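Below you'll find the structure, written out as C-alpha cells, and then a few comments.
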Amino acid sequence: MSHFRRKNATAAAESPVAWTFFRQWLKNPLSMAAFSPSGKQLARAMVSQLPPGARRIVELGGGTGVFTRALLDHGIRASDLLVVELNEPLHRLLQHRFPGVHVVRGDARRLTELAAGEHFLEEGPADAVVSGLGLLSMSRGMQRDILNAAFSVLAPHGRFIQFTYGPVSPVSRELLGELGLHARRGTMAWINVPPATVYTYTRSRSTAIPAQAAAPR
Ligand SMILES: C[S@@+](CC[C@H](N)C(=O)[O-])C[C@H]1O[C@@H](n2cnc3c(N)ncnc32)[C@H](O)[C@@H]1O
C-alpha cells in the first residue's frame, strides 16, 4: 500500500463512519468505487450544481451520507429528499443518521419503482438527481439503465449531477447521443481524495422541447 493510501486508510480507521465505509469497500471494492467517503469540498461542489430553486432531490449511492448532509445544510427539507443505497450496513447507517429523509435500500436501476414505493413522486418530479455512484467503473448497459431511471423521475428542466475521478465525462459521447443528453463540466474538488470533477447532465434541447411544449399554459 502506498504512503498516500496508508495515510487515508489510517484516517478512515479513526472515524467510525469512515471505518464502516472502508469495511464495505474491503468487501466489495467494485460497487463501492472508493475506499473513503467523499470530502466536504466535493459535497459543496455537487450541491452548487443544483438548479436554481431546486426543492425535491434524489440521491443515488448515499454511502455514509456526505452529500445527504450537504443537501440538508443547503436547505433541502428532509421530506423532499430520497436517498437510494444498495449496501445493507450503509443503508442502515443512513437511516440512523437521517431520520425524516426517505432512505431506501435498493438498486439505482430500479429508481422508478423505489420512488413510487415511497410515494415520493406524488408531489411532482425531482429537480435533481445527485449521484454518488461510481459511474465510471460501470458498464455502458448499467450506465444506460441508471440514466434512464434517473431521467424518468426528473422534471424536464431536471439535472443529473455526477462526480468522477477521471479526466473526462464518465458517460461517453455515444451514450449521451443515444439518450439525448447534454454534459457540462462543473467545478473540480482538488482536495478531495482522489481529486474529483463534477459533471451535470441535462436533456438536450431536442428532447426537452416536446416535454415543455406539452405542459399546459
Ligand atoms: C463511491 S461510493 C459514494 C458514497 C457517497 N455518496 C460519497 O460520496 O461518499 C458509491 C456508493 O454507491 C453505492 N452503490 C453502488 N452501486 C449501487 C447501485 N446500483 N444502487 C445504489 N447504490 C449503489 C455503494 O454501496 C456506495 O455506497
Of a type in the set (Lys, Arg), closer than 27 Å to Leu114 by Cα, at pLDDT 95 or above and away from the ligand (no atom under 12 Å from the Cβ): does that describe Arg140?
yes
Among the strands (runs of 3 or more DSSP E) lying completely within region 26-130, list those that include at least 1 residues that are among the aromatic types (Phe, Trp, Tyr) and open to solvent by 20 Å² or more (accessible area, probe 1.4 Å).
none
Among (1) under 17 Å from Val58 (Cβ atoms); (2) surrounded by fewer than 19 Cβ atoms within 10 Å (Cβ to Cβ), there is one condition Ile146 misses while meeting the rest; what is its number?
(2)
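Taking the stated definitions as given, is Ala183 open to solvent by 20 Å² or more (accessible area, probe 1.4 Å) and assigned to a strand (DSSP E or B)? So that I can check it myself, show each step before the final result.
Details: open to solvent by 20 Å² or more (accessible area, probe 1.4 Å): yes; assigned to a strand (DSSP E or B): yes.
For Ala183, the condition - open to solvent by 20 Å² or more (accessible area, probe 1.4 Å) and assigned to a strand (DSSP E or B) - is met.
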Would you check if Arg144 is under 16 Å from the mean Cα position of the chain (by Cα), over 19 Å from Glu85 (Cβ atoms) and part of a helix (DSSP H, G or I)?
yes
Only unsatisfied item for Arg69, checking (1) more than 19 Å from Val198 (Cα to Cα); (2) modelled with pLDDT of 95 or more; (3) within 11 Å of the ligand (Cβ to nearest atom); (4) basic (Lys, Arg), is (1)
Of (1) near the ligand (Cβ under 8 Å from one of its atoms); (2) out of contact with any Gly (no Cβ under 8 Å at 6 or more places or on another chain), Asp80 satisfies all except one. Which?
(1)
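Within region 84-104, does at least one residue satisfy the condition of being within 13 Å of the chain's Cα centre (by Cα) and under 23 Å from Arg203 (Cα atoms)? I'd like the intermediate steps shown before the answer.
Of region 84-104, the ones within 13 Å of the chain's Cα centre (by Cα) are 84-86.
Retained after the next criterion (residues that are under 23 Å from Arg203 (Cα atoms)): 84.
Yes - at least one qualifying residue is present in region 84-104.
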Exactly one of Ile161, Ile191 is among the β-branched types (Val, Ile, Thr) and in a strand (DSSP E or B), and that one is Ile161
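With the structure loaded, tell me whether Ala18 is over 25 Å from Leu114 (Cα atoms) and over 16 Å from the mean Cα position of the chain (by Cα) or whether it fails that test. Walk me through it before giving the result.
On the way: over 25 Å from Leu114 (Cα atoms): yes; over 16 Å from the mean Cα position of the chain (by Cα): yes.
Taking the combined requirement at face value, the residue satisfies it.
The values are calculated or read from the model by the stated rules, or taken from the named source; none is laboratory data. Keep in mind that what you see is a predicted model, and the values were worked out from it rather than measured. Backbone-built Cβ (ideal geometry, glycine too); neighbour counts: all protein chains shown. Keep in mind that these areas ignore ligands, DNA and RNA; they rest on the heavy atoms of the full protein, side chains included. Shrake-Rupley method; radii C 1.70, N 1.55, O 1.52, S 1.80 Å.
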